[in-house]
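The values are calculated or read from the model by the stated rules, or taken from the named source; none is laboratory data. Since this is a predicted model, take the numbers as computed values, not measurements. Quick reminder, even Gly has a Cβ in these numbers, built from the backbone with ideal geometry, and neighbours come from all protein chains shown. Side chains are part of the model used for accessible areas, which takes the heavy atoms of the whole protein and leaves out ligands, DNA and RNA. Shrake-Rupley method; radii C 1.70, N 1.55, O 1.52, S 1.80 Å.
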Amino acid sequence: AGTRRNGEPVIQEVAILFDSKLMRGNRTHKFSTENFDAFSSPNFDELAEIGIHILYNYPILLRPQGALKVHKKFDAGVGVLKIFPGMSKDFVKAVLNTPNIQSIILETYGSGNAPKEPSFIALLEDAIARGITILNVTQCSIGFVEQGLYATSAALQTIGVIGGAAMTTEPALTTLMFLLGMGYHGDALI
């Protein structure tokens, strides 16, 4: 295999090449500061394996339509709220009331679970009512959010938290900053 197929570059997307793996940029996570194999794409197959030959995974390669358009408007009105045991109501309130915050990435347990305490849910519901978009991603390295699968995430779905499926925090953050920069807000954001 070469770098071109039918006269076009084989890879036409943002990717990370590290060690012998080519991974989709928005599905890759750096998990180690020490190892040579420091990046992983746990929820998405590798685009290619690099060795003596390049073995492309052709069925999953993206084929952009039209010319490349560079977007430079990003809005930093995004925050991350990582759920942890013993998290205080005041802490959650402070994050949700951060000036100019328009969207929150909620890093939850397992497949999208969070405390179902009425006071916690009420704080999230109030933020959503004020126009803050809340996107639920998992803290786990492998797997994805299945919001509503368990009772501990059903309340999130009921109040309007958006399930992030296989998105990790990194692409969720970039996507929200991009969409806010493009002028999308509230329900139009996701």
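None of 47, 106 is in contact with a helix residue (DSSP H, G or I) (Cβ under 9 Å, 6 or more places away or on another chain), open to solvent by less than 50 Å² (accessible area, probe 1.4 Å) and either touching a residue at least 60 places away in the same chain (Cβ under 8 Å) or within 21 Å of residue 180 (Cα to Cα) (or both) except 106. Condition test on residue 31, is it open to solvent by 70 Å² or more (accessible area, probe 1.4 Å), of a type in the set (Phe, Trp, Tyr) and out of contact with any His (no Cβ under 6 Å at 6 or more places or on another chain)? Spelling it out, residue 31 is indeed open to solvent by 70 Å² or more (accessible area, probe 1.4 Å), of a type in the set (Phe, Trp, Tyr) and out of contact with any His (no Cβ under 6 Å at 6 or more places or on another chain).
Close contacts from the range 59-88, counting a first residue that is within 21 Å of residue 13 (Cβ to Cβ) and a second that is open to solvent by 90 Å² or more (accessible area, probe 1.4 Å) and modelled with pLDDT of 90 or more, with Cβ to Cβ under 6 Å and a gap of 6+ residues or different chains, come to 60/45.
When we screen 127, 151, 114 for residues that are farther than 24 Å from residue 30 by Cβ, open to solvent by less than 50 Å² (accessible area, probe 1.4 Å) and over 19 Å from the mean Cα position of the chain (by Cα), the only hit is 127. In a strand (DSSP E or B) and surrounded by 10 or more Cβ atoms within 10 Å (Cβ to Cβ) - does that describe any residue in the range 82-97? Yes, there is a match, as at least one residue in the range 82-97 is in a strand (DSSP E or B) and surrounded by 10 or more Cβ atoms within 10 Å (Cβ to Cβ).
Contact map, the range 136-155: first residue in a loop (DSSP other than H, G, I, E, B), second residue of a type in the set (Asp, Glu), Cβ cut-off under 8 Å, separation 6 or more or different chains; pairs are 139/107.
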